[in-house]
Amino acid sequence: MTQPHSTRGAWLIVLASLIAMAICVYDYYTPETGLIGTGGVVLVACAALLMLLASLAMAKFPNRSPLLQTFLVVSIILDIIGSSVAGYFLESPVIMAAQALALVGWLMNVIGNAADRSVETDEVEDED
Amino acid sequence: MKTKMKTAALVALGAAAAAALYLSPFGATAQNSMMMAASTDQVWDAFGGNQQAQKYSTATQITPENVKNLKRAWSIHTGDVSSGARSTTWGATPLFVNNTVYVGTPWYRIVAVEPDTGKQKWAYAAGGSDGPPENQGLKNRGVAYWAAALPEGGKACQKIVYIGTMTGELHGVDADTGKRCAGFGKNGVVDVNAWLTKNAKWKIGLIQPPAVYKDTLILGWAGNDWVYKTENPGTVYGIDARTGALKWTFNAIPPDMEDQTGTANVWASISVDPETGLAFLPTSSPSPNYYGGDRLKEMPYATATVAVKAETGEVVWSRQLVHHDIWDVDTNSAPTLVDIKKDGKVIPALIQATKMGFLFVLNRNTGEPVWPIEERPYPASDVKGEVAAKTQPYVPYPEPTIADTMPPVSKFADIVSFGQCSRWKARLRDEGRYTPPSVRGSISWPATLGGVEWGGGALDPVTNTYVVNSNVVPQIYTLVPREDANRIYGDKQRDRDGYAAQQGSAYGFKLENFLNIWGMPCWAPPYGTLSSYDMNTGKLNWKKPFGQVQKWGFYMPESWGSITIGAPAVTKGGLTFIGASMDSRVRAIDTRTGNVLWKHIVDSPAVAQPAIYTYKGKQYVVFAVGGNGILTPRLADQLVAFALPN
């Protein structure tokens with residue numbers, strides 16, 4: 001049982017994930033970052049990859065079940081929180097900025113979705 | 001017009017006089033002196049900045065106000081880095097002298113570079129780094145420099161740079177060309193191993209460059225003291241700087257004890273008083289490190305500071321800092337020389353920082369303490385055959401760098417390990433400082449990692465401010481009865497779990513870090529501090545957590561500090577420069593307040609004190625960035641200089 005969901009903000013999250021992954025790759029291979037070869041950036045890169053997949057699903061598949069929608073929304077926000085904390089302890093402003101960008105996308109999506117639901121409800125009421 | 005003519009005449013006269021001097025029999029000397037007088041560059045010509053081990057620069061260009069603008073001036077990679085079984089440990093302090101920056105590498109090479117660009121002038125490979133790693137692996141703490149007081153014009157090797165290898169060779173090369181000095185040893189190489197005939201279990205490691213006094217090199221070395229009961233006895237050598245001939249030896253082990261024990265070597269740097277010609281030897285503990293039942297006789301020169309005449313090796317005085325050392329708390333840094341202004345008098349003194357976190361402040365001519373040292377009772381050993389010393393020296397003032405008891409168990413580390421830390425601690429013998437090693441396991445506080453590590457402190461001799469970093473690290477010492485050791489470890493000399501055989505004695509030994517299942521320290525932070533003392537009064541100016549722990553890339557809070565290996569250097573400009581911390585950063589600190597004013601990421605922990613010099617009017621701060629497996633697995637080969645932008 002699928003229904004249309006908002007794709008708003010999803011591309012912003014995709015962008016944020018790509019930025020996070022790119023900076024992680026750079027940090028992992030660059031001595032001057034102080035993070036060369038560290039597990040912390042691998043962790044954030046993996047989280048960014050998961051976020052990328054989730055946000056692509058959000059963007060590409062607007063018709064999805066409410067369960068999947070809830071899973072995507074919750075997993076992305078958990079990813080953002082976890083990566084932000086990691087970015088803070090990695091002292092990486094770029095990772096933290098990418099998470100802020102992802103948070104904006106997430107809020108756009110959640111708010112957009114709520115607004116769509118509200119419009120649909122209004123339309124149903126109008127029909128009544 | 002008259003003035004111009006007068007000036008021209010004076011210039012001509014001066015030039016003629018200079019030419020006459022140059023061509024005279026004293027020409028070379030005069031030329032040398034003139035060159036020295038003409039140069040305003042501030043040198044860093046010894047491991048400790050100077051032979052007094054003060055790690056002090058008179059440079060004032062970089063100040064607390066402008067240090068925030070400090071930028072990388074140049075950076076090079078020597079290529080001499082490796083990990084795994086042939087892992088490198090690079091704690092070199094570069095030298096700046098003879099208009100050149102010289103640095104030794106852990107592959108036993110000397111690299112000479114231009115001081116303002118890092119461009120290589122020449123490199124010399126001593127060789128020997130490609131065979132099986134000797135007792136200490138591939139390590140280097142730099143090079144030494146000697147210049148003839150009366151150089152013979154036109155002859156090579158009037159200025160020599162020395163590098164030791166971990167295979168026991170000391171190489172001497174011309175400072176200008178990097179070519180071997182044929183007159184030094186056998187074609188530029190002295191085989192120091194050949195001088196060591198008693199109980200020679202392994203080749204000695206010339207990790208630390210020798211100290212230089214006039215035409216004498218004073219050379220200690222590094223080795224094992226965990227593997228055998230009778231290891232190599234820790235001889236110190238006085239060597240002719242020109243010829244490499246042996247002038248004298250000093251032995252901390254009494255001859256009648258050489259069948260029972262060994263080492264008590266000097267593996268740290270050595271300081272020299274240029275005025276009195278006294279060399280100050282920081283001696284280490286006898287072997288085997290952690291069980292002394294076979295070496296109960298008093299050996300007053302072991303774990304001590306010993307003052308010898310630099311040109312003869314004759315002992316003038318000594319002071320033992322730990323009696324019957326069974327904790328491996330070697331005296332691990334060169335004493336820093338200081339002239340203390342106290343009660344209207346100037347006291348020629350030295351500061352001997354130790355792994356126990358004590359600052360022994362002694363009259364350097366007599367060895368008498370400037371402030372009282374107490375003999376305090378400490379716990380007895382419960383190990384069969386062992387007799388721990390009833391008392392140990394305690395330095396109440398200046399305030400020790402660490403407390404008398406270890407920090408409490410970290411609640412966080414304990415909770416996340418489901419009580420592992422507190423349960424483990426409860427099983428161990430823990431009676432504060434000098435708790436003897438035991439079969440059930442003892443908490444050694446502080447342990448072999450210090451307290452103060454091998455760099456020691458730095459002194460501003462103008463203000464007599466002494467800055468020193470210190471670790472806050474308990475470790476667990478467990479003696480393993482020989483029968484059990486044989487059953488568990490067979491004939492292994494060492495094992496990855498911290499085991500060392502101590503073969504020939506009644507006990508093997510196991511050293512464990514007090515970490516929980518997640519690798520977190522079981523004790524509360526901070527793990528490392530930086531302290532400043534006023535050495536005229538002995539008063540502690542400030543003490544702050546220093547550095548940051550970095551694990552898996554994550555930086556822990558600054559209030560936790562970091563374990564440090566390496567040391568600070570101070571400037572007249574009011575700054576303290578230091579790497580040393582786990583987080584691969586180098587920092588500039590306001591010497592007056594202890595506040596961090598600048599930091600910069602480098603390739604790995606910079607586990608040596610920096611060198612500070614001026615060249616063509618510009619001040620440089622240079623770090624050898626090599627890392628140390630004790631801190632992090634991240635190793636490097638970077639030599640990096642910082643300066644203010646033009």
Got a number for residues in the stretch B:444-475 being farther than 24 Å from B:GLY91 by Cβ and crowded, with 24+ Cβ neighbours inside 10 Å? 1
Within the stretch A:48-64, is there a residue that is within 14 Å of chain B (Cβ to nearest Cβ) and either within 24 Å of A:GLY112 (Cα to Cα) or modelled with pLDDT of 95 or more (or both)? no
Please go through the stretch B:400-413 and give me each residue that is crowded, with 22+ Cβ neighbours inside 10 Å and of a type outside the set (A, V, I, L, M), ordered by number. B:PRO400, B:THR401
Of the residues that make up the stretch B:376-390, is at least one without any contact (Cβ under 8 Å) to a residue 60 or more places away in the chain and open to solvent by less than 20 Å² (accessible area, probe 1.4 Å)? no
Suppose we keep only residues that are hydrophobic (A, V, I, L, M, F, W, C), farther than 20 Å from B:ASP45 by Cα and within 11 Å of chain A (Cβ to nearest Cβ) within the stretch B:587-634. Which one would you say is surrounded by the most Cβ atoms within 10 Å (Cβ to Cβ)? B:VAL602
Of the residues in the stretch B:333-364, those that are aromatic (Phe, Trp, Tyr) and out of contact with any Leu (no Cβ under 7 Å at 6 or more places or on another chain) come to B:PHE358
Can you pull out the residues in the stretch B:583-637 that are of a type in the set (Gly, Ala, Ser) and part of a loop (DSSP other than H, G, I, E, B)? B:SER584, B:GLY594, B:SER604, B:ALA606, B:ALA608, B:GLY617, B:GLY626, B:GLY627, B:GLY629, B:ALA636
Selection from the stretch B:326-369 of residues that are acidic (Asp, Glu) and under 17 Å from the mean Cα position of the chain (by Cα): B:ASP328, B:ASP330
Quick check on the stretch B:204-213. Is at least one of its residues surrounded by fewer than 21 Cβ atoms within 10 Å (Cβ to Cβ) and touching a residue at least 40 places away in the same chain (Cβ under 8 Å)? no
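Select from the stretch B:118-177 the residues that are hydroxyl-bearing (Ser, Thr, Tyr), under 19 Å from the mean Cα position of the chain (by Cα) and part of a loop (DSSP other than H, G, I, E, B) and list them in ascending order.
In the first step, residues of the stretch B:118-177 are kept if they are hydroxyl-bearing (Ser, Thr, Tyr); the result is B:124, B:129, B:145, B:162, B:165, B:167, B:177.
From what is left, the residues that are under 19 Å from the mean Cα position of the chain (by Cα) are B:145, B:162, B:165.
If the condition is that a residue be hydroxyl-bearing (Ser, Thr, Tyr), under 19 Å from the mean Cα position of the chain (by Cα) and part of a loop (DSSP other than H, G, I, E, B), then B:THR165 is the only one that fits.
Can you confirm whether the stretch A:31-47 contains a residue that is of a type in the set (A, V, I, L, M) and outside any helix (DSSP H, G or I)?
yes
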Can you tell me which residue among B:GLY238, B:GLY313 is under 28 Å from B:GLY128 (Cβ atoms), in contact (Cβ under 8 Å) with a residue 24 or more places away in the chain and buried (at least 22 other Cβ atoms within 10 Å of the Cβ)? B:GLY238
So which residues in the stretch B:587-646 are of a type in the set (D, E, K, R) and on the phi > 0 side of the Ramachandran plot, if there are any at all? B:LYS616
Take the residues in the stretch A:7-37 that are polar (S, T, N, Q) and either more than 9 Å from chain B (Cβ to nearest Cβ) or crowded, with 22+ Cβ neighbours inside 10 Å (or both); name whichever of them is nearest to A:ILE77 (Cα to Cα). A:SER17
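The values are calculated or read from the model by the stated rules, or taken from the named source; none is laboratory data. These figures come from a predicted structure and were not determined experimentally. Heads up, the Cβs are rebuilt from the backbone with ideal geometry, glycines too, and the neighbour counts pull from every protein chain shown. Just so you know, the surface numbers come from the protein's heavy atoms only, side chains and all, with ligands and any DNA or RNA stripped out. Shrake-Rupley method; radii C 1.70, N 1.55, O 1.52, S 1.80 Å.
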